[in-house]
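To keep things clear, I will list the structure first and then write my remarks on it.
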Amino acid sequence: MNTIGETVQRLRRAKGLTQGQLAAQLGVSSAAVSKWETGGALPDVALLCPLARALGCSADELLGFRPELTGEEIDALCNAAREMFAGGDWRGALEYCRRRLREYPGDLTLRFRLGFLLAGFGDKTDDEAARAQLRDAAAEAFERAVELPDEEQRRAAWRMLAKLYADREQYDRALAALGNLPSCNQEGLGLRADILRRMGDLAGAARLEESALAAQLAALDHTLTSFAATRRAQGQAAEAERLEGQARKLKELFGAPAPQAGCCCACEGEPRDETEI
């Protein structure tokens, strides 16, 4: 039985209609409705909207159209693709992923998940042709995934897109992608420095790395000092002194850290790498 036929039969019965009653509402024969339900024929396109109204559903529901997959369906799809990759069939896995993306072009979560999967296997393979095609497909997926409403996922998509552009030596596009991240994003700073180094701008890369190091040292010094104060308030003087000693050693190694700039966003959350799930 075709999907439309199953839906027609299910909704007709739910409304308590016979095939004849539904046929009368639509101006067709009972035999026509029977053929729809048994898969012998499909409703004429002109009848889809009247049929949907008669059954109390939308045309999308009648046709079985869904713009997005459920989380469980995406998990199953990714697992199927992963098994193909693991079995060495990267071409089959790539085509499978492309078909699913064509089938659900507006599903941004699917694009996000498959983007990580494609990029991950692209990085692992020693086959240059496979690496290039998998990275290209991953970039295409992330170019839409950056529209995700979830801020953490959106930032992760921009980072991955920047990395993929850089791997293709499209440095201007990579830097433009990184421009969508907050200035305090440490991974973004590291990736920007790497791109500048590849471009030959060693002075620019050094400035960024120095800035990133100063920010991380300041954050670590603040955490050690705060943790020591908490332990002291808990009556754990020895542990507090140990933490304070670590903060002093940090200053001895690198000097007093620069004051930490305030960060107004939680920008360091990371999604799991799809190749490890």
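Here are the numbers:
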{"item": "Criterion (among the aliphatic types (A, V, I, L, M), in contact with a helix residue (DSSP H, G or I) (Cβ under 8 Å, 6 or more places away or on another chain) and closer than 30 Å to A81 by Cα) met by exactly one of L189, L196, L164", "result": "L164"}
{"item": "L94 closer than 30 Å to K124 by Cα, modelled with pLDDT of 95 or more and not polar (S, T, N, Q)", "result": "yes"}
{"item": "Number of positions in segment 161-171 that are open to solvent by 30 Å² or more (accessible area, probe 1.4 Å) and either among the aromatic types (F, W, Y) or in contact with a Gly (Cβ under 7 Å, 6 or more places away or on another chain) (or both)", "result": "1"}
{"item": "Hey, R82 open to solvent by less than 60 Å² (accessible area, probe 1.4 Å) and either of a type in the set (A, V, I, L, M, F, W, C) or assigned to a helix (DSSP H, G or I) (or both) or not", "result": "yes"}
{"item": "Counted residues, segment 45-61 - those being loosely packed, with under 12 Cβ neighbours inside 10 Å and either under 14 Å from Q21 (Cα atoms) or at pLDDT 90 or above (or both)", "result": "3"}
{"item": "Residue under evaluation V28, criteria (1) of a type outside the set (S, T, Y); (2) over 29 Å from the mean Cα position of the chain (by Cα); (3) assigned to a helix (DSSP H, G or I), criterion not met", "result": "(3)"}
{"item": "Selected residue (only one of R135, R154, R131, R113 is part of a helix (DSSP H, G or I), charged (D, E, K, R), in contact with an Asp or Glu (Cβ under 8 Å, 6 or more places away or on another chain) and touching a residue at least 40 places away in the same chain (Cβ under 8 Å))", "result": "R113"}
{"item": "Candidate set: segment 101-112, residues that are under 24 Å from R168 (Cβ atoms) and crowded, with 20+ Cβ neighbours inside 10 Å; chosen: the one nearest to the chain's Cα centre (by Cα)", "result": "F112"}
{"item": "Subset of segment 97-138 that is within 18 Å of A76 (Cα to Cα) and charged (D, E, K, R) - its residue that is modelled with the lowest pLDDT", "result": "E103"}
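For (1) under 24 Å from A177 (Cβ atoms); (2) of a type in the set (D, E); (3) crowded, with 16+ Cβ neighbours inside 10 Å; (4) touching a Ser or Thr at 6+ places or on another chain (Cβ under 8 Å), each residue gets a yes or a no:
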site	(1), (2), (3), (4)
E72	no, yes, no, no
G88	no, no, no, no
R91	no, no, no, no
E95	no, yes, no, no
L114	yes, no, yes, no
A129	no, no, no, no
A132	yes, no, no, no
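The values are calculated or read from the model by the stated rules, or taken from the named source; none is laboratory data. Every value quoted in this text rests on a predicted model; they were computed, and no experiment measured them. In this analysis, Cβ positions are derived from the backbone assuming ideal geometry, glycine residues included, and neighbour counts consider all displayed protein chains. All accessible areas refer to the heavy atoms of the entire protein, side chains included, with ligands and DNA or RNA removed. Shrake-Rupley method; radii C 1.70, N 1.55, O 1.52, S 1.80 Å.
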